[in-house]
Amino acid sequence: MKKQIFIATLLYTLSTTTILGLLFTLFNGSSFIVATLSIIFLSLIFGYILNSYILSQKFNSDENLLHITKEILHELNIPISTIKANTLLLKKSLKENDKSLKRLNRIDNSTKRLERLYSELVYSIKKEIQIIEKEEFELIDLIEDRVNEFKYLNRNPFILDLEPLIIKADKIGFEKMLDNIISNAMKYSNKDKPIRITLKNSTLTIEDRGIGIDETELIKIYERYYQSNSNIKGSGIGLALVKAYCDNEKIQIRISSQKNLGTKVSFDLIRVLN
């Protein structure tokens, strides 16, 4: 907080000094120099007091919000852990009961989904208050893990053609970006149409055979709340978030599409290679 107050005070003082400098060019003289130094000193004190008051209110509010959020997240984590532990115990005791095992598997899958949402919530909060550390990870493992999660939906088949590639990036952010693109590919395709995911030559490509996007609409797809098909449920902010992530990680994204033929989304990962 002290660093932010100092910067704000410095900017305030520099702006005052600039104004006085302009006045000095119009009114030259030694008496004016003394007056200028006095005004700068007073503005420095006044600026520090003003900025301390303004910024302290903001930081106090942020700290209170962060404290409450941490408590809520902690409370959410307890029932998730309890459900996982009890599901595991019940599976051991119901080995011979197929119906009960199927129900437990559904509970287990839902718990994993809830756990992932919890992790994403923690990530989103941390992203707002601090810099997310980049980490090295094997992209094949991440892609296969996310595809396996989508297979539980019993929708589109997947065709994978992946080469080993280790990158260094915001991993959870990358997962969210990948989930968004795969989810869109499934949402705008018939259930029997395959989703092809290719990882070759430092380029990740997700291709579907869905309804596609008209060329005139392609220029709007990154706009927040824009949806090419208003009949399909969604918030319309996904691709805007994807583009923001790519810009932050310096990943070049390219989208090509043809109406009624499908859409191809490519990511050039050359700048995030390990």
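A quick yes/no check of all residues on (1) modelled with pLDDT under 90; (2) aliphatic (A, V, I, L, M); (3) assigned by TED's automatic domain parsing to the domain that holds Ile253; (4) in a strand (DSSP E or B):
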| site | (1), (2), (3), (4) |
| --- | --- |
| Leu121 | yes, yes, no, no |
| Lys126 | yes, no, no, no |
| Ile140 | no, yes, yes, no |
| Leu160 | no, yes, yes, yes |
| Arg209 | no, no, yes, no |
Which condition number does Ile166 fail, the rest of (1) closer than 22 Å to Thr205 by Cβ; (2) among the β-branched types (Val, Ile, Thr); (3) surrounded by fewer than 12 Cβ atoms within 10 Å (Cβ to Cβ) being met?
(3)
Looking at the range 184-213, which of the residues that are within 25 Å of the chain's Cα centre (by Cα) and among the aliphatic types (A, V, I, L, M) is surrounded by the most Cβ atoms within 10 Å (Cβ to Cβ)?
Ala185
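Residue under question is Ile232, and the condition is that it be loosely packed, with under 14 Cβ neighbours inside 10 Å and modelled with pLDDT under 90; does it hold?
Details: loosely packed, with under 14 Cβ neighbours inside 10 Å: yes; modelled with pLDDT under 90: yes.
Judged against the criteria, Ile232 is a match.
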Give Asn184, Asn201 a once-over and let me know the one that is closer than 30 Å to Glu133 by Cα and at pLDDT below 90.
Asn184
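Filter the range 248-265 down to the residues that are of a type outside the set (D, E, K, R) and surrounded by 16 or more Cβ atoms within 10 Å (Cβ to Cβ), then identify the one that is farthest from Ala185 (Cα to Cα). I'd like the intermediate steps shown before the answer.
Of all residues in the range 248-265, those of a type outside the set (D, E, K, R) come to 248, 251-253, 255-258, 260-263, 265.
Checking which are surrounded by 16 or more Cβ atoms within 10 Å (Cβ to Cβ) leaves us with 251, 253, 255, 257, 262-263, 265.
On the way: Ile251: 20, Ile253: 16, Ile255: 12, Ser257: 12, Gly262: 9, Thr263: 8, Val265: 10 Å.
Of everything passing the filter in the range 248-265, Ile251 is farthest from Ala185 (Cα to Cα).
The values are calculated or read from the model by the stated rules, or taken from the named source; none is laboratory data. Quick caveat, the model's predicted, so the values are computed rather than measured. In this analysis, Cβ positions are derived from the backbone assuming ideal geometry, glycine residues included, and neighbour counts consider all displayed protein chains.
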